[in-house]
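A.B. asks: Take a look at this one; I'll ask things after.
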Amino acid sequence: MKFNKLVRDKIPEIVQKEGKTPKTHVADDAEYEKRLREKLREEAAEYYASGREEELADVLEVVHAICKAKGTSVSKIEAIRIKKAEERGSFDKRIVLDGVE
């Protein structure tokens, strides 16, 4: 079976415990960044499809990994989020823009 995607660190170990042999490699920096973006898209799509908290937690795990890979912190991203919310608002009011005339 072929997957060709970034997986959590313990997945190869779990596969071995199932009596199978995982085929893996370690991504270099460029591949890792690309794979993280792909993983973010994958996890966001899974949350979109299911609406499950578990899938939203997976999105957050990928965000943490992206921050670490880029040498930033989740708290810095949170500060950016807060600044944008102050300047442009959040989504609390549930406003849907139907158009502009």
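Residue-wise test of (1) closer than 24 Å to CYS67 by Cβ; (2) surrounded by 12 or more Cβ atoms within 10 Å (Cβ to Cβ); (3) in contact with a Leu (Cβ under 9 Å, 6 or more places away or on another chain).
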{"position": "GLU13", "(1), (2), (3)": "no, no, no"}
{"position": "LEU40", "(1), (2), (3)": "yes, yes, no"}
{"position": "GLU46", "(1), (2), (3)": "yes, yes, no"}
{"position": "GLU54", "(1), (2), (3)": "yes, no, no"}
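A.B. asks: In segment 41-67, which residues are more than 12 Å from the chain's Cα centre (by Cα) and in a helix (DSSP H, G or I)? First the steps, then the outcome.
C.D. replies: At the first step, the residues of segment 41-67 found to be more than 12 Å from the chain's Cα centre (by Cα) are 48-54.
If the condition is that a residue be more than 12 Å from the chain's Cα centre (by Cα) and in a helix (DSSP H, G or I), then TYR48, ALA49, SER50, GLU53, GLU54 are the ones that fit.
For (1) closer than 30 Å to ASN4 by Cβ; (2) of a type in the set (Lys, Arg); (3) at pLDDT 95 or above, each residue gets a yes or a no:
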{"residue": "ASP28", "(1), (2), (3)": "yes, no, yes"}
{"residue": "GLU38", "(1), (2), (3)": "yes, no, yes"}
{"residue": "ARG41", "(1), (2), (3)": "yes, yes, yes"}
{"residue": "ALA57", "(1), (2), (3)": "yes, no, yes"}
{"residue": "LYS68", "(1), (2), (3)": "yes, yes, yes"}
{"residue": "ARG88", "(1), (2), (3)": "no, yes, yes"}
{"residue": "LYS93", "(1), (2), (3)": "no, yes, yes"}
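A.B. asks: Restricting the search to segment 68-101, which residues are over 17 Å from the mean Cα position of the chain (by Cα), exposed (fewer than 10 other Cβ atoms within 10 Å of the Cβ) and in a helix (DSSP H, G or I)?
C.D. replies: GLU86, GLU87, ARG88
A.B. asks: Spot the failing condition for PHE3; the list is (1) exposed (fewer than 10 other Cβ atoms within 10 Å of the Cβ); (2) at pLDDT below 95, and only one is missed.
C.D. replies: (1)
A.B. asks: Oh, and also: Can you go through ALA45, ALA57, ALA30, ALA69 and tell me which one is out of contact with any strand residue (DSSP E or B) (no Cβ under 9 Å at 6 or more places or on another chain), touching a residue at least 40 places away in the same chain (Cβ under 8 Å) and not hydroxyl-bearing (Ser, Thr, Tyr)?
C.D. replies: Values: ALA45 fails: touching a residue at least 40 places away in the same chain (Cβ under 8 Å); ALA57 fails: touching a residue at least 40 places away in the same chain (Cβ under 8 Å); ALA30 fails: touching a residue at least 40 places away in the same chain (Cβ under 8 Å).
Step by step, each of ALA45, ALA57, ALA30, ALA69 is checked, and only ALA69 is out of contact with any strand residue (DSSP E or B) (no Cβ under 9 Å at 6 or more places or on another chain), touching a residue at least 40 places away in the same chain (Cβ under 8 Å) and not hydroxyl-bearing (Ser, Thr, Tyr).
The values are calculated or read from the model by the stated rules, or taken from the named source; none is laboratory data. On a predicted model such as this, the values are computed, not experimentally measured, just so you know. Backbone-built Cβ (ideal geometry, glycine too); neighbour counts: all protein chains shown.
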